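Below is one structure, written out as structure tokens, with a few remarks after it.
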Amino acid sequence: MRTQIPDFWNDAKEAEAQMRKVKEIKKWIDGFNDVNYACQEIELAYDFFREEAATEQEVDSLFATALALVEKLEMKNMLSKEEDKMGAVIKIVAGAGGTEAQDWAEMLLRMYQRWCERQGYRCEITNYQAGDEAGIKSVTMQIEGDNAYGYLKSENGVHRLVRVSPFNAQGKRMTSFTSVFVVPLIDDTIDIEINPANLSWDTFRSSGAGGQNVNKVETGVRLHYKFTNPITSQQDEIVIENTESRSQFGNKDNALRLLKSQLYELELERRRAETAKVEAGKKKIEWGSQIRSYVFDDRRVKDHRTNYQTSNVQAVMDGNIDDFIKAYLMEF
């Protein structure tokens, strides 16, 4: 086994890449073993059932368990692209509509935070802009965990809320829109070239809750990067703010990582566009279009790309979005 070779860790970067491969293979083996064991349990239970030593309900329960394990493995098989295995960066931006839209943006933030808790992912807010009266104008968060981007890429687009607004004195039904942008969170295994000549920085004082140096020291950083957009071939600019760390150096390092993530996503988008030309007959995925409606009064959440819907609105807002993710991955 290569990992047992004495000089295996001499090249730390290469060794870590190899260990990731080993870990990934082990997950597939463990997944197969779980399914295999579940199937054996069904066979055994069915034999007991014929001998009247087990009930039909017990057999059905074991079948449901095995089916869930098979579907879990099948969904994992949908995450075969290089970027699917990475962490994710989510940026939520409130649309037009003032306080109602900003409140909706904060509700989506909570939904994704709850989902991350369910998955055991590490979720960290790197930039936060509070709303004028309630909610948020925008928020950026980093999510670290296996296949985080592969699952969350299904959330990329415009999310529509319909409800009786608590911020409307007449109690009218209102519609709000919030955009969710998802890009892969790259690591050291991905090389992204940044031209230092096109890079500039601003510093500012971080606002909001924090340590004693908040509002006293310019720890917040704003990165400007001018480049030729690979999609449009036009001059473009990426602006990133980072206020997570109390260290300006820490914020700069993370802003650069977020910049690399956005540049990597643009390259992936260019590749997707080329693939779409070849596979023009296949169903098109409209990145950035309205993807899902949350209608509170009618107790309905519907995904417009897959037509999957549920009436359990509260569960969805508490982070139970796995069925939407699964429907998306299976369709596309």
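The values are calculated or read from the model by the stated rules, or taken from the named source; none is laboratory data. The structure presented is a predicted model; accordingly, all values stated were derived computationally and were not measured. Don't worry about glycine lacking a Cβ; one is built from the backbone with ideal geometry, like all the others, and counts go over all protein chains shown. Ligands, DNA and RNA are stripped out before the accessible areas are found, and what is left, the full protein with its side chains, is counted by its heavy atoms. Shrake-Rupley method; radii C 1.70, N 1.55, O 1.52, S 1.80 Å.
Assorted remarks:
- Failed condition for Leu108, given (1) open to solvent by 30 Å² or more (accessible area, probe 1.4 Å); (2) closer than 21 Å to Phe296 by Cα: (1)
- Pairs, first open to solvent by 100 Å² or more (accessible area, probe 1.4 Å) and among the hydrophobic types (A, V, I, L, M, F, W, C) in the range 40-63, second at pLDDT 90 or above and in a helix (DSSP H, G or I), C-beta under 8 Å, six or more apart: Phe63/Ile42
- Which listed residue is of a type in the set (Gly, Ala, Ser) and assigned to a loop (DSSP other than H, G, I, E, B), from Gly171, Gly150: Gly171
- The one condition in (1) at pLDDT 95 or above; (2) within 20 Å of the chain's Cα centre (by Cα) that Tyr225 fails to fulfil: (2)
- Residue satisfying condition, being in contact with a Cys (Cβ under 9 Å, 6 or more places away or on another chain), assigned to a helix (DSSP H, G or I) and not β-branched (Val, Ile, Thr), within set Gln102, Gln142, Gln113: Gln113
Residue-wise test of (1) among the β-branched types (Val, Ile, Thr); (2) open to solvent by less than 40 Å² (accessible area, probe 1.4 Å); (3) modelled with pLDDT of 90 or more; (4) more than 13 Å from the chain's Cα centre (by Cα).
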residue: Gln119; (1), (2), (3), (4): no, no, yes, no
residue: Arg122; (1), (2), (3), (4): no, no, yes, no
residue: Thr126; (1), (2), (3), (4): yes, yes, yes, yes
residue: Ala130; (1), (2), (3), (4): no, no, yes, yes
residue: Ala148; (1), (2), (3), (4): no, yes, yes, no
residue: Leu152; (1), (2), (3), (4): no, yes, yes, no
residue: Val158; (1), (2), (3), (4): yes, yes, yes, yes
residue: Val162; (1), (2), (3), (4): yes, yes, yes, yes
residue: Asn168; (1), (2), (3), (4): no, yes, no, yes
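- Residue among Lys72, Lys21 that alone is closer than 30 Å to Tyr294 by Cα, open to solvent by 100 Å² or more (accessible area, probe 1.4 Å), out of contact with any Pro (no Cβ under 7 Å at 6 or more places or on another chain) and not in a strand (DSSP E or B): Lys72
- Residues of the range 1-18 satisfying the condition of being surrounded by fewer than 10 Cβ atoms within 10 Å (Cβ to Cβ) and in contact (Cβ under 8 Å) with a residue 24 or more places away in the chain: Lys13
- When the range 313-332 is filtered for residues that are of a type in the set (A, V, I, L, M) and crowded, with 17+ Cβ neighbours inside 10 Å, the ones remaining, listed by number, are Val313, Val316, Met317, Ile321, Ile325, Ala327, Leu329.
- Restricting the range 79-94 to residues that are surrounded by fewer than 17 Cβ atoms within 10 Å (Cβ to Cβ) and part of a loop (DSSP other than H, G, I, E, B) leaves a set whose member that is modelled with the lowest pLDDT is Ser80.
- If you go through the range 281-302 and keep only what is part of a loop (DSSP other than H, G, I, E, B), out of contact with any Ser or Thr (no Cβ under 6 Å at 6 or more places or on another chain), more than 13 Å from Val180 (Cα to Cα) and at pLDDT 50 or above, you end up with Phe296, Asp297, Asp298.
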